[in-house]
Every structure is written in C-alpha cells, then in structure tokens.
1. Can you find a residue that is in contact with an Asp or Glu (Cβ under 8 Å, 6 or more places away or on another chain), more than 12 Å from chain B (Cβ to nearest Cβ), over 30 Å from B:Leu92 (Cβ atoms) and touching a residue at least 40 places away in the same chain (Cβ under 8 Å) anywhere in region A:17-31?
2. Being within 14 Å of chain A (Cβ to nearest Cβ) and at pLDDT 95 or above, is that true of even one residue in region B:155-164?
3. If I go through region A:120-141 residue by residue, how many of them are assigned to a loop (DSSP other than H, G, I, E, B) and out of contact with any Asp or Glu (no Cβ under 8 Å at 6 or more places or on another chain)?
4. Only residues that are assigned to a loop (DSSP other than H, G, I, E, B), buried (at least 19 other Cβ atoms within 10 Å of the Cβ) and away from chain A (no Cβ under 12 Å): list them for region B:207-255, please.
5. Could you list all residues from region B:304-330 that are assigned to a helix (DSSP H, G or I) and without any contact (Cβ under 8 Å) to a residue 40 or more places away in the chain?
6. Within region B:97-111, is there a residue that is assigned to a helix (DSSP H, G or I), within 14 Å of chain A (Cβ to nearest Cβ) and without any contact (Cβ under 8 Å) to a residue 40 or more places away in the chain?
7. With the requirement that a residue be away from chain A (no Cβ under 14 Å), under 18 Å from the mean Cα position of the chain (by Cα) and in a helix (DSSP H, G or I), what does region B:7-44 give you?
8. Check whether at least one residue in region B:331-338 is touching a residue at least 40 places away in the same chain (Cβ under 8 Å), hydrophobic (A, V, I, L, M, F, W, C) and in a loop (DSSP other than H, G, I, E, B), and report yes or no.
Amino acid sequence: MSYNLKEWAKRPERFTGGHRLCAGCGASPVMRTLMRALKPEDHAVVSAATSCVEVSSFLYPYTAWEDSFIHSAFENVAATISGAQANYVAKKRKGEDVPNTKFIAVAGDGGTYDIGLQALSGAMERGHDMVYVCYDNGAYMNTGIQRSSSTPQNAATSTTPAGTVIPGKSQPKKDLTLIIMGHNIPYVAQTLPLSNFKDMSEKCEKALYTPGAAFLNILAPCPRGWRYETHRLMEMCKLAVETCVWPMYEIIEGKLTLNYIPKEKLPVEVYLKEQGRFSHMFAKGNEHLIEEYQAQVDKDWQLLQNLNEMK
Amino acid sequence: MARREKLSGNEAVSIAMKQINPDVVAAYPITPSTEVPQYFSTYAANGEVDTEFVPVESEHSAMSACIGAQAAGGRAMTATSAQGLALMWEMLYIASAYRLPVTLAAVNRALSGPINIHNDHSDTMGARDSGWIQIYSEDCQEAYDNFIQAVKIGEHPDVMLPVMDCYDGFITSHKVENIEIMEDEEVKAFVGKYNPPYHLMNKEKPMSMGPLSLPFYYFEQKRQQAEAMKTSIKAILEVAAEFEKVTGRKYGLFEEYRMDDAEVAIVILNSTAGTAKDVVDMLRDNGIKAGLIKIRVYRPFPVEQIAQALSKCKAVAVLDKADSLNGAGGPVFTDVTSAMFGRVDGVKVINYIYGLGGRDVTTDNIKEVYDNLQEIAKTGKVKEVYNYLGVREV
C-alpha cells in the first residue's frame, strides 16, 4: 500500500488530544503516528516506561490512550509488555477467544539506552512479537534534562553543564540502533517526524506487522532540553537528517538499508547553532568542539554507508 | 482421589504449578528456587501445560513480566530466593498496588552480604510490607498446599492481591518427603478460572493501568489496598475451609501446638517449627507446660488472634530467622509484641534471633530457649529481651 498522508490523517486518533506533552515536543507526533499505523480492527496493548509520555498521557483519572495501556516502572517496559504478550500466546494456545492484538513498548532514551537496556535486550533476544519504540530526545527530559548515554557529545545538560573546564558531555552518543541490530531480530529501524511523515509512518506499520520482535529508534526533539522555539520542531528534524546527525535507515533480517542519502551533506554547524544546548560550542576558542562533533558524525555516517553497501 | 508421592518441596510446588496450568510463568534461576522453573520448563517443553514459559534475563523482569501477564488477564507465577527477591523489590510493590494476584514461590534464603546460599528469612522478611500476602510453610506438604490456596486467596474478589508462599531453602525445598498430591482435576476445580473484571485484553472495554497519581488520589488508592489486606483474613480462612473439604487438611492463620494450658511458648515460622515441636513434646513428657505457635499467615498479620492465643502464657519467646539490625529485635518479635500491647497484660515476651545464613538449629538450642522462659515464668524477671541463639560471641 502506497503512503498517502491525507488517508493516514483520516484514521482514528488513538493517542488523543488533551495529553500534557509540551508544545513543540517531538514525542507527540511520534505517538500519534505509531498508533495510526495500527489496523483499525486491531486491538493494542501499549506499555510505557516512566517518561514524559507516560506522565503526560495518563494522569489519573485521565488517559490519552484509546487502546489498553499499562505503565509499571522505568527500567522494565520491555519485560512488562513481554509478559502481556506471553499471556496472549498462552490464551491462544488454550483456544480462548482473544482479539487480534499488537503489543507496543514505548520509552524515552533514558528508559531505553540506560536503565531499560537489560530488559530491552532480554525481550528482543527472546523474540516476543512486539514493537519497542524509543522516542529519543537525548537526555532525561522528564526529570529536568540530565545527560543519558544518548546525549550527543558536548551537549550541555543539567548534569553535564557547559563549564569552564568541562564543556558539556564528554562522550559521544551510544549507537543503540546498531546494538539492537546485534540481536538478530527481523526488523530494526531509525526514523523521525519528517515532512509528510512517510518514512516514520511506513516504518511504524512495518514494525507492527512484521512477526517477531521489532525495534524503532525515533528522534523526538525536545524544545526544553534542546532549547529551540516550539514552532521549529520540524526544522530540527530536517536538519538532523540533512547533516546526517540522525540518518534514516532500516535493518530487515540483518540487512541494512539507508533510506535517505542527502545529495549534499550539510555541516553539523547548521544543526548545532539552532539549539541552545550547543551554544557554548560557538564561543571563541571552542572551535575544536564543533570539529570533534563533525568527526564523530562523519565516522558514524561512514559506518552506515559501509553497512548499506554490504547488502 | 489424592495420591502419595515422594517429592522435594520445589518439585511439589512445580507440580502444583503444573496442575494449575497458569498462563505465564516468568522466572530467572537462583539457588535454591531454581528447580521450580527447571521442572516447570520441562512440563512446558513436553506440552504438559499450556503455559507460556518466559525465561527472562533477571528477576526484576520476571516480576515485571508477571505484572504484564496478570494485567492482561492471565494467571502469572514465578519463583525466587534472596537476591532475586531483592531485585524484584520495586516490582513487588507495583504488583500489589495494581491489585494483581501474582503467585510467587519464595524459597527462603539469606540475603547477601556476605553471599550465602542457605536458609534464613531475611529475604521475605524484607518484603513483609510490600503489600503481598505472605504465607509460611513448614514442610513440603504445606508448601504444596499453600501454593494452591495462594492462587485462590489472591484472586478472591475481596482481595485481589499477590501472594507469596514462603518455604525454607534446602531444608524444605530440597528435602524429599512422602506427601499427598491432589488430582489434577481437583486442583483445576479448586482454583477455577481466573476472570478479572478489568484487564488489558478486553478490546470492548480497554483500560489504562498504572497512572501518575498525584496527592488528590494516591492516598485513597493506598487506603483501599490496606483495606484489602486487612479483610483478606476472611478470604484466607474461607479458602482454607474449602481446601479442607477437598483434602481433609486443615489450615488456619497459625498453628497452635499444645497451647491449651501452656505457660511457656515460642512463636516461630517455617521448618524450625518441626524441631521445636519435638522439644515441646519432650518438655511435656517432663511435666512442663510448653507450647508453640507456628505462624502461617504473616501478612496480613493476625494481631487479635495472636494476642489472644498468647494471652494465657507467662513467658513467650519469639524466634526470628532474620535480624532487623535495628537495635531492638527481629521483625516477628516486633509484630507479636505490638499485637499484644494494649490487648494482653503481664506476659513477658523475649526475642531470639536464630539460624542466620543457614546455621543449624538443634533441639538443644530450642531447649535453651524454653529453659530461659521457665526461669522468666518462675522469677518474673527478664535478663535480656533481644537475644541470639547458637551464635559464637567472643
């Protein structure tokens, strides 16, 4: 089925308005797109790790989820959903009448790259028929912008401030998507809200309807943590792609395909200078920080290109 | 009809699990509970159960998966010990708060550190206020019987709380006893089908579970949970009565052993009760009015009943196989004395910490406790309230 934004927009809203996510937050379009990718007749059980999405979407007694939803804790969303999915398998084995159901785990980068990595790895290796969606905003935004292992190098956060001696986070971002590739699961992809949402929508659909474990890493810019004006969300995404800071690719049965190769890869400055968290990198004498960032992006991009050509 | 079989505690519990045929068993290996999921995985591998066995990557995930499964309307179970239970800690509270009747075989083992694989009660005692019903089992028969009852207690509509069946690591988990096993059909009929009114798999009535709940609602939610725990005593006794009808085996909140006219008594949990009952018999043979109370239901704590049962004694020793390290006494001691306060006057109560890290407890040790109690009963004087039994002190 070819993608048509108008058609998609007509699908029922299963992550409803009234939630408390910030204006300009990337997580909201991610959740809406993800839930739209479900077939209307299918039921979904969504589990969220403790996160912005969780606390903003289900503040007792209001819920933004039209489907069933469970939050249990921070580090265990993959395990919680795998239990629900295992129950589904058992009920079917017993011949009980259960609705066709999709199992979805949602977490931020803190709940995925850091504290939830063990449970995620376990669930992926066990191969539950589920989709794990990481909405990656590159820090613990819910608790006040502390660094995570997804925070990009040199970014200022509340625990890696741009100091006079240490200029932001010292280490490069962890490459989680490729770590998940190492789990031999049928579908892994990286995407983000971009232009008409074609890439993200199609990947959500594929992830949901590929039997077995699937993983989506979706960039979800955060106006509070990144420090951009709320109306500029989509520009942040566009720049992340054009600079190759956040390449879009998918790994189907272990084969990696880049879904977009910019004709002219933009220098990282154009992405960095739009965000307050990188502003110290533009101070006089800090030129090497930008060079360092560019070198890391180039290296990561080269690796992806090599993997892309291996197929 | 029931059948007799020679089984270890772990094997008996795994057979109970098989007979219940739950939807999900999620478990992670840890000595001495490991055999339970081992046996169970064989049943799953051979198609003897319909259960989805989830070999998770940690105990935290085991309890999380049980929560997910139970929230989805399934029956979920696990087994663990010591560090495993400690790693589950966070999720124990969440299982009970979400009113999910998960069933846990808690095979008691000493908590690190230092690391030790042998039995004491430091693991489950730490979880005593996690909102789980805790039932303690003296031997293999009780471990089996209590596990089956645990399912029915937890799922009782007035209760809806998770239940742990606690039995002593190695002493009960690995000893082989000749016990009575119910027929599969009897177990199935006894536990019935689990039909929670709300669950995640109901497409017509989807639900959200586990909200952010701020000061305006949280307190009432906890209050309801507390009420369920308090009133579960009634359900526990109802289930015991039903169980007796099927099996002829009688269970209460605690067992009173030769307590009728007892002047000196000890309060104890699990396997050491067996050793202590022998001592009671010996003392009775010598004309000493000794008795024993073995607590079965520790959470909820039967405060009035315990106080009443001890009200006629002159001196009581509470034996704790876990130390609270609080400078005041062990957990069971604290609960028993609190229960007696304002309800019973004039009974001297002392505490002994015993058997930590699997230190053997002999009849001589228990005799020493009763000797002290007789001395207290005679003189009315307590030398030391907080005592240690069978430890080397330099």
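1. Yes, there is a match, as at least one residue in region A:17-31 is in contact with an Asp or Glu (Cβ under 8 Å, 6 or more places away or on another chain), more than 12 Å from chain B (Cβ to nearest Cβ), over 30 Å from B:Leu92 (Cβ atoms) and touching a residue at least 40 places away in the same chain (Cβ under 8 Å).
2. So far as region B:155-164 goes, yes, one or more of its residues are within 14 Å of chain A (Cβ to nearest Cβ) and at pLDDT 95 or above.
3. Of the residues in region A:120-141, 4 are assigned to a loop (DSSP other than H, G, I, E, B) and out of contact with any Asp or Glu (no Cβ under 8 Å at 6 or more places or on another chain).
4. Listed by number, the residues that qualify are B:Tyr251, B:Leu253.
5. Correct list: B:Glu304, B:Ala307, B:Gln308.
6. No.
7. Passing the criteria: B:Gly9, B:Asn10, B:Glu11, B:Ala12, B:Val13, B:Ser14, B:Ala16, B:Val36.
8. No, there is no match, as no residue in region B:331-338 is touching a residue at least 40 places away in the same chain (Cβ under 8 Å), hydrophobic (A, V, I, L, M, F, W, C) and in a loop (DSSP other than H, G, I, E, B).
The values are calculated or read from the model by the stated rules, or taken from the named source; none is laboratory data. As the structure is a computational prediction, the values presented were derived from the model and not from experiment. Methodologically, a virtual Cβ is constructed for each residue, glycine included, from the backbone with ideal geometry; neighbour enumeration extends over all protein chains shown.
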